[in-house]
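One structure is given here, and the rest of the page talks about it.
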Amino acid sequence: MDLAVRVVSSGQPHRALPLTVSLCMAVAARGPGTLVAQALAPTAQEGPLRLGMPSGLLTVGADVVRDNDGWRARAGSF
C-alpha cells in the first residue's frame, strides 16, 4: 500500500473507496506539493498508486502534466 485512504459519507465509513475519490487521490498524488503527494510512501513517487482501504487495495493511476495554464490531469485509470 502506498497510501491509506478512508471515506466517511453521511456519518458512515465506507468499506470500499468510491471511484471518484480514488481518481481524485491519484491526481492529487501526482501534483508536487499536495498533501496527498507528501503523505505517499517513499516508494510511490511514480507509476501506479496502491490505495489501501478496509476491504483491500485498489490500484489507480493518473497522467498529470504542467503546461502554460498550470497543472492538468490528462487521464486517470483503475
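The values are calculated or read from the model by the stated rules, or taken from the named source; none is laboratory data. For clarity, every value in this text was computed on a predicted model and none was experimentally measured. Here the Cβ is made from the backbone with ideal geometry for all residues, glycine too, and neighbour counts use every protein chain on show.
The number of residues in segment 36-71 that are hydroxyl-bearing (Ser, Thr, Tyr) and either modelled with pLDDT under 90 or in contact with a helix residue (DSSP H, G or I) (Cβ under 8 Å, 6 or more places away or on another chain) (or both) comes to 1. Looking only at segment 43-78, residues that are small (Gly, Ala, Ser) and either in a loop (DSSP other than H, G, I, E, B) or loosely packed, with under 13 Cβ neighbours inside 10 Å (or both) come to 7 in all. Beta carbons closer than 8 Å, at least 6 apart along the sequence or on distinct chains, never pair a first residue in segment 7-25 that is without any contact (Cβ under 8 Å) to a residue 60 or more places away in the chain with a second that is in a helix (DSSP H, G or I) and among the acidic types (Asp, Glu).
Taking the criterion of being in a strand (DSSP E or B) and at positive phi, would at least one residue in segment 17-34 satisfy it?
No, because not a single residue in segment 17-34 is in a strand (DSSP E or B) and at positive phi.
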